[in-house]
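*Asks:* If you scroll down you'll find the structure; I have some questions about it.
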Amino acid sequence: MRYSQSFIPTVKETPADAEVISHRLMLRAGMIRKVAAGIYSYLPIGLRAIRKVENIVREEMNRAGANELLMPMVTPAELWEESGRWAQYGPELLRIKDRKDNSFCLGPTHEEVVTDIVRREVRSYRQMPLNLYQIQTKFRDEIRPRFGLMRGREFIMKDAYSFDVDEKGADASYEKMYQAYRRIFARCGLKFRAVEADTGSIGGNWSHEFMVLADSGEDAIVSCNGCDYAANVEKAESKVIESAEHAEPRPLEKVHTPAKKSIEEVSEFLQIHATSTVKMLIVKADEKPVAVLLRGDHELNEIKLKKIIGCDELEMATDEMIASATGATVGFLGPIDQKIRIIADTTVKGMKNFVCGANEVDYHLKNVNLERDFTVSKYADIRNVTHGDQCPRCSGGILEMWRGIEVGHVFKLGLKYSKALNATFLDADGKEQTVFMGCYGIGIGRTVASCIEQNHDENGIIFPLPIAPYHCIISAINPKDEIVSKAAEELYAELLKLGVEVLYDDRDERPGFKFKDADLIGIPLRIVVGAKNLVDGKVELKQRRGGETELLTITDAVSRIDGIVKEALGI
């Protein structure tokens, strides 16, 4: 492609509404343009990067034995009512009506539609395992779309769905997709981790998120420095190590702590460490109050607690509910003489002579001991892990904290949708059985944006070659010079013959202007063709990452670029 014929509207200024690096650079590089909140047009150079990711995804999905299809974006309410999600999904599901007053929605995901296809077409166990996937536009009416393609309302997604005769087969399908995802993100040139994750609104009983590691990531993840264990904070566990203090219980003591409500204030006032305190929180679980005990330096994990309690709705209790349930006020709550259910984190078990609230304003209790002073209904892992916790899967490993951007998610759904929509088949004995399912998603545009978050510098984007809009850019210095033009045209033609994707900057612009555009849009390889070096029969090859430069003959430059491209693409 000749730059003079292309549409790459780069801009120097940083857009005022762009909050993260990828959003700023994609706008500046002329990759996207905003149409409405969370809705973008993909301009040619942005679409090329999108298509690169799509092609990698398609190749790996086909390699894993999946079949591509395309389902409609608009889906009828009846299918969502069958699964129970029409009412459950919430305002993110954009509901619409046609002229006959029939209800539809813009699909945020396609479990219902694909299950309907399979229940109509798959009759026998001989037709499985089966995996169907699509690359299609989705819509989720986010309450606060932001960060460009990172959290949009309309977005391109690859979603796949596996169908198996039993749980063993479903496990095998899940593993195939898990490995396919690892290959996809590795081929995209990303640094990522596959982490254990909560299943969220999709449902099911097992899932992994694929996280691109980036300081700007919205999600907190943990990983072990000694093994492959990784999980997001919502799901992460640490080795259960109960406090093993052997100190003799000391007499209970009430101390005056005027206006000292927080753990930090109480610890400083009493000159103790936060690890010697226990805080009590009150949550509302399906409208009923439940008390929760945590070591003072730990934070509650509401997702873990919700599963332990087995409730549908969980939120922090209001001050009014707390006062009614405990007779105390926030900042001075304690477990002694309480009649409500108490759930304690496992780290609290075994603690001795700790400090907690006295259920009286401006007072705390010292030397509190379990069993002697109060009892706990249940112990469970209900806290967020912290940096330095011991790994739950290996011996000696320590958990480290990272920031990550979710680009893919794989779910083991089990019978959640197939049972609700009555997707059944006849087994080898002619008996009717319910299909086991899995689902697997990748945010295509989000993968490109995440790549930019991970690969950029002060000058612009640094695309990994496999998903770069072009492999190479030829910058002709003074293209009106016949010698320069002839050499650049020769390079352009030879590289195109070899299958190298080239953007030929034939514009009559200053060299610095061209170089800034080349750096901004992030093309991995740049050849500078100028009269000065051509005197010696040379051109300059510069790599965007690292800035390494080489002076080569045209023949050697072509050979060198061809080798770099083939190595990066695994050809």
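*Asks:* When you check residue 275 against the structure, is it touching a Gly at 6+ places or on another chain (Cβ under 8 Å) and free of Cβ contacts under 8 Å to residues at least 60 places away in the same chain, yes or no?
*Replies:* Yes, satisfied.
*Asks:* Then there is this: Which residues, taken from the stretch 393-431, are in contact with a Leu (Cβ under 8 Å, 6 or more places away or on another chain) and under 16 Å from residue 119 (Cβ atoms)?
*Replies:* If the condition is that a residue be in contact with a Leu (Cβ under 8 Å, 6 or more places away or on another chain) and under 16 Å from residue 119 (Cβ atoms), then 421 is the only one that fits.
*Asks:* Quick check on my filter: what residues within the stretch 411-436 are touching a residue at least 24 places away in the same chain (Cβ under 8 Å) and among the hydroxyl-bearing types (Ser, Thr, Tyr)?
*Replies:* Listed by number, the residues that qualify are 417, 418, 424.
*Asks:* Return a yes/no flag: does the stretch 147-157 have any residue that is farther than 24 Å from residue 43 by Cα and either at pLDDT 95 or above or surrounded by fewer than 21 Cβ atoms within 10 Å (Cβ to Cβ) (or both).
*Replies:* First, the residues of the stretch 147-157 that are farther than 24 Å from residue 43 by Cα: none.
Taking every residue of the stretch 147-157 in turn, none turns out to be farther than 24 Å from residue 43 by Cα and either at pLDDT 95 or above or surrounded by fewer than 21 Cβ atoms within 10 Å (Cβ to Cβ) (or both).
*Asks:* Only one residue in 248, 265 is over 29 Å from residue 88 (Cα atoms) and in a helix (DSSP H, G or I). Which one?
*Replies:* 265
*Asks:* OK, next. Assuming residue 408 fulfils every condition listed in (1) part of a strand (DSSP E or B); (2) free of Cβ contacts under 8 Å to residues at least 12 places away in the same chain apart from one, which condition is it?
*Replies:* The single condition residue 408 does not satisfy is (2).
*Asks:* Please verify whether residue 453 is within 20 Å of residue 135 (Cβ to Cβ) and either among the acidic types (Asp, Glu) or surrounded by fewer than 19 Cβ atoms within 10 Å (Cβ to Cβ) (or both), treating the condition exactly as stated.
*Replies:* no
*Asks:* A further question on this structure: Please verify whether the stretch 304-326 includes one or more residues that are in contact with a Leu (Cβ under 6 Å, 6 or more places away or on another chain) and free of Cβ contacts under 8 Å to residues at least 24 places away in the same chain.
*Replies:* yes
*Asks:* Here's a follow-up. Please tell me if residue 131 is in contact (Cβ under 8 Å) with a residue 40 or more places away in the chain and within 22 Å of residue 393 (Cβ to Cβ).
*Replies:* Criteria not met by residue 131.
*Asks:* Which numbered condition in (1) under 30 Å from residue 85 (Cα atoms); (2) surrounded by fewer than 21 Cβ atoms within 10 Å (Cβ to Cβ); (3) of a type outside the set (D, E, K, R) is the only one that residue 423 fails?
*Replies:* Among (1) under 30 Å from residue 85 (Cα atoms); (2) surrounded by fewer than 21 Cβ atoms within 10 Å (Cβ to Cβ); (3) of a type outside the set (D, E, K, R), the lone unmet condition for residue 423 is (2).
*Asks:* Which ones in the stretch 33-65 are on the phi < 0 side of the Ramachandran plot, small (Gly, Ala, Ser) and surrounded by 17 or more Cβ atoms within 10 Å (Cβ to Cβ)?
*Replies:* Result: 46, 49, 64.
*Asks:* Name the residues in the stretch 492-550 that are under 18 Å from residue 461 (Cα atoms) and of a type in the set (Lys, Arg), would you?
*Replies:* 514, 516, 526, 542, 544, 545
*Asks:* I've got another one for you. Of the residues that make up the stretch 494-505, is at least one exposed (fewer than 15 other Cβ atoms within 10 Å of the Cβ), hydrophobic (A, V, I, L, M, F, W, C), without any contact (Cβ under 8 Å) to a residue 24 or more places away in the chain and under 18 Å from residue 29 (Cβ atoms)?
*Replies:* No, the stretch 494-505 has no match at all.
*Asks:* Any residue at all in the stretch 148-159 that's part of a strand (DSSP E or B) and in contact with a His (Cβ under 8 Å, 6 or more places away or on another chain)?
*Replies:* yes
*Asks:* Sticking with this one: Which condition does residue 542 not pass, out of (1) in contact with a Ser or Thr (Cβ under 9 Å, 6 or more places away or on another chain); (2) among the basic types (Lys, Arg); (3) in contact (Cβ under 8 Å) with a residue 60 or more places away in the chain, if it passes all the others?
*Replies:* Checking residue 542 against (1) in contact with a Ser or Thr (Cβ under 9 Å, 6 or more places away or on another chain); (2) among the basic types (Lys, Arg); (3) in contact (Cβ under 8 Å) with a residue 60 or more places away in the chain, the one that fails is (3).
*Asks:* Which one of these does residue 441 not meet: (1) within 24 Å of residue 61 (Cα to Cα); (2) within 20 Å of the chain's Cα centre (by Cα); (3) part of a loop (DSSP other than H, G, I, E, B)?
*Replies:* Unmet for residue 441, out of (1) within 24 Å of residue 61 (Cα to Cα); (2) within 20 Å of the chain's Cα centre (by Cα); (3) part of a loop (DSSP other than H, G, I, E, B): (3).
*Asks:* Continuing with this model, one more query. Tell me the strands (runs of 3 or more DSSP E) entirely within the stretch 315-397 that contain at least 1 residues that are among the basic types (Lys, Arg).
*Replies:* Details: elements: 342-345, 354-360, 363-368, 378-380.
Those strands (runs of 3 or more DSSP E) span 363-368, 378-380.
*Asks:* Let me ask you something else. Do you know which residues across the stretch 120-132 are touching a Gly at 6+ places or on another chain (Cβ under 8 Å) and in a loop (DSSP other than H, G, I, E, B)?
*Replies:* Hits for the stretch 120-132 are 128, 129.
*Asks:* Yes or no: the stretch 367-376 includes at least one residue that is within 18 Å of residue 300 (Cβ to Cβ), within 37 Å of the chain's Cα centre (by Cα) and assigned by TED's automatic domain parsing to the domain that holds residue 298.
*Replies:* Checking the stretch 367-376: at least one residue is within 18 Å of residue 300 (Cβ to Cβ), within 37 Å of the chain's Cα centre (by Cα) and assigned by TED's automatic domain parsing to the domain that holds residue 298.
*Asks:* I'm trying to understand the selection: among the residues of the stretch 414-425, which are outside any loop (DSSP other than H, G, I, E, B), under 30 Å from the mean Cα position of the chain (by Cα) and closer than 19 Å to residue 121 by Cβ?
*Replies:* 417, 418, 419, 420
*Asks:* Which residue out of 112, 68 is surrounded by fewer than 16 Cβ atoms within 10 Å (Cβ to Cβ), among the acidic types (Asp, Glu) and in contact (Cβ under 8 Å) with a residue 60 or more places away in the chain?
*Replies:* Of the residues listed, the single one that is surrounded by fewer than 16 Cβ atoms within 10 Å (Cβ to Cβ), among the acidic types (Asp, Glu) and in contact (Cβ under 8 Å) with a residue 60 or more places away in the chain is 68.
*Asks:* Which residues, counting only those in the stretch 298-314, are closer than 22 Å to residue 328 by Cβ and in a loop (DSSP other than H, G, I, E, B)?
*Replies:* Correct list: 298, 299.
*Asks:* So residue 428 passes all but one of these: (1) in a loop (DSSP other than H, G, I, E, B); (2) farther than 30 Å from residue 121 by Cβ; (3) among the hydrophobic types (A, V, I, L, M, F, W, C); (4) at pLDDT 95 or above. Which condition number does it fail?
*Replies:* Unmet condition: (2).
*Asks:* Could you pull out the residue among 135, 117 that is assigned by TED's automatic domain parsing to the domain that holds residue 433 and outside any strand (DSSP E or B)? Before the answer, list the steps.
*Replies:* Numbers: 135 fails: outside any strand (DSSP E or B).
Among 135, 117, only 117 is assigned by TED's automatic domain parsing to the domain that holds residue 433 and outside any strand (DSSP E or B).
*Asks:* Can you name the residue in the stretch 305-359 that is under 22 Å from residue 381 (Cβ atoms) and touching a Pro at 6+ places or on another chain (Cβ under 7 Å) and, of all such residues, is surrounded by the most Cβ atoms within 10 Å (Cβ to Cβ)?
*Replies:* 356
*Asks:* May I ask you to say which residue of 138, 176, 158 is in contact (Cβ under 8 Å) with a residue 60 or more places away in the chain, among the basic types (Lys, Arg) and touching a helix residue (DSSP H, G or I) at 6+ places or on another chain (Cβ under 7 Å)?
*Replies:* Being in contact (Cβ under 8 Å) with a residue 60 or more places away in the chain, among the basic types (Lys, Arg) and touching a helix residue (DSSP H, G or I) at 6+ places or on another chain (Cβ under 7 Å) holds for just one of 138, 176, 158, which is 158.
The values are calculated or read from the model by the stated rules, or taken from the named source; none is laboratory data. Just so it is clear, the structure is predicted and the values come from calculations on it, not from any experiment. A quick note on method: Cβ atoms are made from the backbone with ideal geometry, for glycine too, and the neighbour counts reach across all protein chains shown.
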